[in-house]
């Protein structure tokens, strides 16, 4: 999909098949609700720039929930604009990974609702150089 601005086209990719947004600068998946904070905090873009990014993606049916992101089997082809390895955090219960520890902490609520996790229990571990062989297993907010 092409956006109305060359800067946005050079910076953000929308994968229509999987409904994901990809930052082409750091090659990770980003939540639609986090476009603003990602480009401000990670890339130090000025307000007028990240506002145009936010406005460009606001009506896209992009996934905004880490737990709904597609997880393809090992050996599946990786999206060409995703990084192949990255440090992050991996859930010991379901294997979902995130580059952001806050996202991983929030992910714990899913397992608490399922009765698989009690408050205060550590359920994830730090991982280094994770091979991203599943589409968007590493997700940054």
What is the Cα convex hull volume of the stretch 6-65 when expressed per residue in Å³?
76 Å³
Projected label distance in nm at residue 24 and residue 46, using a 7 Å step from Cα toward the beta-carbon:
2.1 nm
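Where a number appears in this text, it was derived from the coordinates with a stated rule and is not lab data. As the structure is a computational prediction, the values presented were derived from the model and not from experiment. Reconstructed Cβ throughout: ideal geometry from the backbone, glycine too, with neighbour counts over all protein chains shown.
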